[in-house]
Amino acid sequence: MTARHPNVPSLTDFDLKLLRVFHAVVQAEGLAPAQETLGLSLSTISIKLKQLEERLGFTLCERGRRGFALTPEGERIHESLLPLFDSITDFREIVGDVRGQLTGELHLGFVDALSTYRHIRLEDAFRRFADMAPDVGMHIDISSPQELQQGILESRYHLIITCVEPDHDAIESLPIFVEQQGLFCGYGHSLFDEHDPELLRQGLQSATFCDKSYNAPAYLHQDDSRVGPIVAHMESSALLILSGRYVGHLPRHAAAIWVRDGLMRELLPDEYDYTTQFYLALRRDQSARIADAFRQCLLEALPTA
């Protein structure tokens with residue numbers, strides 16, 4: 001594509017929207033993978049990329065049968081986007097600060113299976129924050145601990161709640177609550193109707209476990225022959241356990257609904273249970289007022305003891 005604009009175009013709200021589409025496509029490594037993130041059809045994404053290229057006057061990416069790839073010009077433009085988006089966010093927050101309001105976009109990342117944990121009440125934190133900052137847009141991702149930490153380092157999240165303590169000097173973390181994990185099997189598993197403790201111990205020696213990609217129990221590492229599927233989300237563990245072919249650990253609060261319905265059973269709770277510590281984490285150089293406000297709402301919603 002040859003340049004058609006001799007002058008650099010003025011940056012409009014329309015251009016910013018197109019740039020955010022381009023950024024999402026790059027993050028997803030292609031137009032098709034970006035459809036779910038953007039909530040747009042493949043043809044609409046393609047049209048928007050073409051509009052952006054026409055506005056800028058050069059090709060940003062190659063897309064076709066050979067796959068997706070950034071051009072050198074596209075790489076330079078994409079490298080400039082995060083500082084651009086950050087500066088826009090900072091400006092909006094400064095305007096809101098001058099007005100005495102909380103404004104902007106708040107990006108949060110959580111591990112899954114927190115909504116059923118009644119010991120904590122995250123909904124109270126969201127309620128307080130919504131009342132305090134009705135003009136703030138919230139974006140919430142559910143992801144693995146590994147992806148959450150990377151998102152904090154890349155400034156994609158203001159705050160995360162994770163069950164793995166971040167191990168990077170740029171991240172500050174605060175222990176906020178603990179969770180009890182139990183070992184479960186599903187209806188149809190050979191151990192489901194077994195109640196003799198010794199026979200259960202023997203059966204578990206040959207059972208196939210679904211293992212976590214993080215915080216896995218130490219005893220599984222001592223005998224890899226028992227490890228089957230590796231998962232990063234509690235939802236995945238639950239589906240495998242419900243199949244009746246695997247045993248695995250789940251938070252007791254998350255498993256409670258299936259236990260109540262007779263679809264799961266906890267095995268040897270005094271021997272195979274363990275506690276997981278959860279953390280609230282953010283970058284040490286975090287300066288967004290909206291992040292500080294949500295952090296306070298969250299801490300106020302947590303139990304004091």
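The values are calculated or read from the model by the stated rules, or taken from the named source; none is laboratory data. Only a predicted model underlies this, so the values are computations on that prediction, with no experimental measurement involved. Backbone-built Cβ (ideal geometry, glycine too); neighbour counts: all protein chains shown. To get the accessible areas, we keep the full protein, side chains included, count just its heavy atoms, and leave off ligands, DNA and RNA. Shrake-Rupley method; radii C 1.70, N 1.55, O 1.52, S 1.80 Å.
With of a type in the set (Asp, Glu), at pLDDT below 90, farther than 17 Å from residue 11 by Cα and open to solvent by less than 80 Å² (accessible area, probe 1.4 Å) as the only criterion, which of 93, 62 stands out?
93
Just one of (1) open to solvent by 50 Å² or more (accessible area, probe 1.4 Å); (2) in contact (Cβ under 8 Å) with a residue 24 or more places away in the chain trips up residue 193, so point out which.
(2)
Every residue in region 168-194 that is assigned to a strand (DSSP E or B) and within 11 Å of residue 245 (Cα to Cα), please.
Residues satisfying the conditions are 185, 186.
Please work out if residue 165 is among the charged types (D, E, K, R), touching a strand residue (DSSP E or B) at 6+ places or on another chain (Cβ under 7 Å) and open to solvent by less than 10 Å² (accessible area, probe 1.4 Å).
no
Which residue pairs have Cβ atoms under 6 Å apart, sit 6 or more places apart or on different chains, and have a first residue in region 262-274 that is open to solvent by 30 Å² or more (accessible area, probe 1.4 Å) and a second that is of a type in the set (Gly, Ala, Ser)?
Taking only residues 6 or more apart or on different chains, the pairs are 266/182; 269/182; 273/182.
Looking at residue 246, is it closer than 19 Å to residue 179 by Cα, hydroxyl-bearing (Ser, Thr, Tyr) and surrounded by 17 or more Cβ atoms within 10 Å (Cβ to Cβ)?
no
Run down 202, 296, 277 and say which single residue is closer than 16 Å to residue 113 by Cβ and either part of a strand (DSSP E or B) or modelled with pLDDT of 90 or more (or both).
That would be 277, the only listed residue that is closer than 16 Å to residue 113 by Cβ and either part of a strand (DSSP E or B) or modelled with pLDDT of 90 or more (or both).
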